[in-house]
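What follows is a single structure, written as structure tokens, with notes after it.
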Amino acid sequence: MNQDQRYGLDKHVRLLGPLKLDSGAEFAPIEYAYETYGTLNSDKSNALLICHALTGDQYAASTHPVTGKDGWWLNLVGEGKPIDPSDDFIICINVIGSCLGSSGPSSVDPSTGKPYGMDFPVITIADMVRAQAILLDHLGIETLSAVIGGSMGGMQALSWAVQFPERVKSAVIVASAARQSAQNIAFHEVGRQSIMADPRWTAGDYYDGEAPTSGLAVARMAAHITYLSEEGLTKKFGRRLQDRDEKSFGFDADFQIESYLRHQGISFVDRFDANSYLYITRAMDYFDLADDYGGVLANAFKDTSTRFCVISFDSDWLYPTQESRRIVHAINAAGGNVSFVELESPFGHDSFLLPALEMNEIIRGFLKAAQ
Amino acid sequence: MSKHDYKLRPDLAIIANNIAANAQVLDVGCGDGALMAALRDQKNVDARGIEIDPANVSIAVTRGLSVVQGDADTDLSEYPDNSFDFAILSQTLQTTHRPDKVIDNLLRIGKYAFVSFPNFAHWRVRLSLGLGGRMPVTRLIPEKWYNTPNIHHVTIEDFRAIVKERQWIQENQWFLSGDKQISKAGANFLAEHAVFLLKK
């Protein structure tokens, strides 16, 4: 059994840092909330990091404390699954900027005793990754057998491999991109403006009163559409009416899809902070892996010895296959080692969170091949 | 990795036998990765693959091979010059839109290129077309004219002509009838299948 108090479920730690941010600022101290599953082996060679998405959290394979729902990647993580706590020492860390226990706008600034609010520094994907690296140092983990993530988690996995190539043996990037597209920035901006237009947002200083839940719910509704696909929506809802036989000639949620989206929006605000939504979408918008490499993505992978596995889904229009191919071409151009497949799924961007036997077997085979 | 008893297609067996241990190999149109797996496990070859069919890519990656889903016509240009010892194009040439450009790319990427293809001048093919008046359907060309992926049928003589025309250097050649290797004499008539080793 693992007696180390640093490992296990529902872990919290405050580290001094400081964390050097891309903006030039320094951030300290850094709070971390994280989960670990499995046992670190004696030569510390089986550590595997799971990176979560925009509104994800550290509960990849544990019950969410607010919603009571199962871990968000139980399809992939568990006994007998491709990521297996009986073989792997699995770590999942709430990203900085988020609101599930790691430092973010809703956490208390020790210098004022009040939540940071908009005084929280603007962060980037690379900052999130450097923060994770500081925690891994604390956990005594030098090398990761793999870094795995979907969507924004895939961005972190890429950033890990590029910032710390010597620490990352393998990287799995699912439904992601090496840069945020103009269209995706546009959707994020709609979400942010929706939050900021809510009178309760009050420039981010709302922690003593009511949160801007209306704005956040609308942001979530708009974003949720981008996670699905037209085919998926048509299959699931079509033009069917919600609990009624006739149109109401009003503005109730006549259609099932309206009712579904409203539910998504309303339930989201119970588990997520509006300011965190601003900060994390901003971090994603700023993400372009080629920025530090003269705009040439291949240069980011120069001399990399990390093995990459890139997976996209054919109905994902938020992070479409062409973005994955761009990553693959760049790694190939740099002489790197990469596998890539586009999988069929009708469920759009959300496919990476759903049961997908093919994805599981590919990830299993890819991870096994390194051993 | 366990040492399986690899039963390779005869053209792949010839290629495998002629690749040096520890070489770096790019297999273009690698299928389910059979050749790559054999090379990796038997010769410690660092093998990478490109395959157009996602089901095949999935099988290959699940076997632990590094394979990307891609198209020989469009995706080879991304690979740097001289980045592999060998580039392999087995039974894929006749499916490409521009076989000449694909081979140019193979010779740019690899120091050597293996190219294998079914010979459209084999006597059975000639018989089928010449006497039967029908597009041939044979063991190596099993599809009908309307559903075949083969869009650029080529004969051994055609291939020799382009090798000469493009001034590629032919390092070696092998010919197969059924599973047996045959001599180069009359190969354009007797061989069902040809394997060429080229360099620039």
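So here's what we get for this one:
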| quantity | calculated |
| --- | --- |
| Single unsatisfied condition, A:ARG240 versus (1) touching a residue at least 24 places away in the same chain (Cβ under 8 Å); (2) in contact with a strand residue (DSSP E or B) (Cβ under 9 Å, 6 or more places away or on another chain) | (1) |
| Filter pass, A:TYR59 being among the hydroxyl-bearing types (Ser, Thr, Tyr), touching an Asp or Glu at 6+ places or on another chain (Cβ under 8 Å) and modelled with pLDDT of 95 or more | yes |
| Residues located in the stretch A:186-208, provided they are farther than 25 Å from A:VAL108 by Cβ and in contact with a helix residue (DSSP H, G or I) (Cβ under 7 Å, 6 or more places away or on another chain) | A:PHE187, A:HIS188, A:VAL190, A:GLY191, A:SER194, A:ALA197 |
| Hits in the stretch B:38-53 - residues which are within 12 Å of another protein chain (Cβ to nearest Cβ) and either farther than 25 Å from A:LYS302 by Cα or crowded, with 20+ Cβ neighbours inside 10 Å (or both) | B:ARG40, B:ASP41, B:ALA47, B:ARG48, B:GLY49, B:ILE50, B:GLU51, B:ILE52, B:ASP53 |
| Criterion: surrounded by fewer than 24 Cβ atoms within 10 Å (Cβ to Cβ), out of contact with any strand residue (DSSP E or B) (no Cβ under 7 Å at 6 or more places or on another chain) and either at pLDDT below 95 or under 21 Å from A:CYS51 (Cβ atoms) (or both) - qualifying residue of A:GLN371, A:GLN322 | A:GLN371 |
| Answer residue from the stretch A:150-188, given it is aromatic (Phe, Trp, Tyr) and under 18 Å from A:LEU297 (Cα atoms) and is surrounded by the most Cβ atoms within 10 Å (Cβ to Cβ) among those | A:TRP160 |
| Residue ID - farthest from the other protein chains (Cβ to nearest Cβ), chosen from residues in the stretch A:316-371 that are closer than 22 Å to A:ARG179 by Cβ and aromatic (Phe, Trp, Tyr) | A:TRP317 |
| The stretch A:189-208 residues that are modelled with pLDDT under 95 and buried (at least 16 other Cβ atoms within 10 Å of the Cβ), paired with ones that are assigned to a helix (DSSP H, G or I) and not aliphatic (A, V, I, L, M) (beta carbon under 9 Å, 6 or more apart) | none |
| Filter pass, A:GLY71 being surrounded by fewer than 22 Cβ atoms within 10 Å (Cβ to Cβ), free of Cβ contacts under 8 Å to residues at least 40 places away in the same chain and farther than 25 Å from A:ALA131 by Cα | no |
| Residue match in the stretch A:107-123 (condition: outside any loop (DSSP other than H, G, I, E, B) and within 30 Å of A:ASN299 (Cα to Cα)) | no |
| Elements of type helices (runs of 4 or more DSSP H) contained in the stretch A:267-371, each with 2 or more residues being more than 20 Å from B:GLU51 (Cβ to Cβ) and not assigned by TED's automatic domain parsing to the domain that holds A:ALA175 | A:274-285 |
| For A:ASP243: the one exception among (1) more than 18 Å from the chain's Cα centre (by Cα); (2) assigned by TED's automatic domain parsing to the domain that holds A:GLY117 | (2) |
| Condition met for A:PHE287 (more than 14 Å from every other protein chain (Cβ to nearest Cβ), touching a residue at least 24 places away in the same chain (Cβ under 8 Å) and aromatic (Phe, Trp, Tyr)) | yes |
| Hits in the stretch B:75-106 (condition: part of a helix (DSSP H, G or I), surrounded by fewer than 22 Cβ atoms within 10 Å (Cβ to Cβ) and at the interface with chain A (Cβ under 10 Å from one of its Cβ atoms)) | B:ASP75, B:SER77, B:GLU78 |
| Matching residues, the stretch B:59-74, being of a type outside the set (Val, Ile, Thr) and at the interface with another protein chain (Cβ under 7 Å from one of its Cβ atoms) | B:ARG63, B:GLY64, B:SER66, B:GLN69 |
| Unique residue being surrounded by fewer than 21 Cβ atoms within 10 Å (Cβ to Cβ) and either within 14 Å of chain A (Cβ to nearest Cβ) or under 14 Å from the mean Cα position of the chain (by Cα) (or both) when the list is B:ASN17, B:ASN56 | B:ASN56 |
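Let's see how each residue does on (1) closer than 24 Å to A:MET155 by Cβ; (2) touching a residue at least 60 places away in the same chain (Cβ under 8 Å):
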site: A:ASP22; (1), (2): yes, yes
site: A:PHE27; (1), (2): yes, yes
site: A:TYR34; (1), (2): yes, yes
site: A:LEU40; (1), (2): no, yes
site: A:ASN46; (1), (2): no, yes
site: A:HIS52; (1), (2): yes, yes
site: A:THR55; (1), (2): yes, yes
site: A:TYR59; (1), (2): yes, no
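The values are calculated or read from the model by the stated rules, or taken from the named source; none is laboratory data. Treat the numbers as computed from the prediction; the structure is a model and nothing was measured. As a convention, Cβ positions derive from the backbone with ideal geometry for all residues, glycine included, and neighbour counts pool all protein chains shown.
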